[in-house]
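The values are calculated or read from the model by the stated rules, or taken from the named source; none is laboratory data. Here the structure is a predicted model, which is why all the values come from computation and not from measurement. We work out accessible area using only protein heavy atoms, side chains counted, and drop any ligands, DNA or RNA first. Shrake-Rupley method; radii C 1.70, N 1.55, O 1.52, S 1.80 Å.
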Amino acid sequence: MRTIRKRSIKIHNHDNRSITHQTICFVTDLLQERLPGSRMKLPLIDRSTLSAGFTALLTAAILLFCVVKSVWAGPLIGTAPPLGTAASFAVLGASAVTNTGPTLVTGNLGVSPGTAVTGFPPGQVIGAIHAADAVALQAQSDTTTAYNNLASQPCAADFTGQNLGGMTLIPGVYCYASSTFLTGILTLNGQGNPNAVFIFKSGSTLITAPNSSVVMINNVNACNVFWQVGSSATLDVNTRFIGNILALTSISFNTGASLVGRALARNGAVTMDSNVVDASCAVAATP
């Protein structure tokens with residue numbers, strides 16, 4: 001049995017006589033019959049009351065609607081990966097964690113398999129410090145699992161070559177074949193859903209310009225924002241950033257940069273300089 005969706009469309013012809021028209025976008029087995037393996041939904045239209053020219057125009061419009069809806073309702077929505085024990089860490093390095101200045105970390109701080117944690121004090125940690133112990137080792141293992149989970153999720157939109165600055169994005173999976181850049185303000189719109197997930201996948205680096213920021217609106221949960229970075233991440237001076245950064249290599253915070261989320265580096269160091277890192281998962285209020 002076919003699963004169908006019906007939409008009633010009311011239109012008017014040239015002499016203002018109303019025509020009520022049922023259009024049908026077939027789903028499921030119809031897709032396999034017409035376009036095996038495709039997500040496209042094809043419309044069937046009752047053309048008996050319409051002129052040939054108008055029918056053709058309406059058919060094209062309905063087809064475009066079905067295609068666009070199919071694409072944007074498909075793999076756009078990502079799934080938050082399980083962070084496991086890494087969820088308790090605000091900062092986790094592999095080779096070292098270093099700090100200069102009055103950095104404040106809310107959440108655990110750790111390193112594994114390296115042993116070096118320097119700069120605390122003057123930096124403060126509201127949480128525990130785990131240097132090359134079993135807790136940090138397990139957190140690194142869980143970070144790798146989460147990183148691989150993110151890497152495997154299909155892309156809904158390829159933003160390669162586009163700067164995130166000035167964009168307003170809804171929940172989804174956004175991909176860059178190479179580097180990801182942010183200059184200015186990126187706005188994340190949760191559309192009223194605190195469980196909405198944003199995933200950004202970078203083939204190589206993640207780099208922000210000085211004074212850039214990520215802004216949350218409409219119930220975005222900062223801990224449901226994920227940045228999977230294929231090499232290293234750098235948050236430049238006074239950047240205000242949101243989300244969980246899972247970097248294959250290193251994560252660097254330049255002077256005054258802040259992060260609401262987590263900085264988890266799989267193979268390199270986390271370097272800080274008078275920063276604020278808070279893993280307590282703030283939620284943006286709905287205006």
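Our estimate of slack between ALA209 and THR145, defined as 0.36 nm per intervening residue step minus the Cα-Cα distance, is 20.1 nm. Of the accessible area of the stretch 195-264, computed with a 1.4 Å probe over protein heavy atoms only, carbon and sulfur atoms account for 49 percent. For GLY127, the residues whose modelled amide H falls within less than 5 Å of its own, excluding neighbours fewer than 5 places apart on the same chain, are GLY107. What is the stretch 149-287 by shape, rounded, prolate or oblate, if you read a ≥ b ≥ c off the alpha carbon gyration tensor as root eigenvalues and call it rounded for a/c under 1.5, prolate for a/b larger than b/c, and oblate otherwise? Since a/c stays below 1.5, the shape of the stretch 149-287 is classed as rounded.
3J(HN,Hα) along the stretch 198-212: 10, 10, 10, 10, 10, x, 9, 8, 10, 9, 10, 8, x, 6, 7 Hz, from the Karplus curve 6.51 cos²θ - 1.76 cosθ + 1.60 with θ = phi - 60°, whole Hz, x for Gly and Pro.
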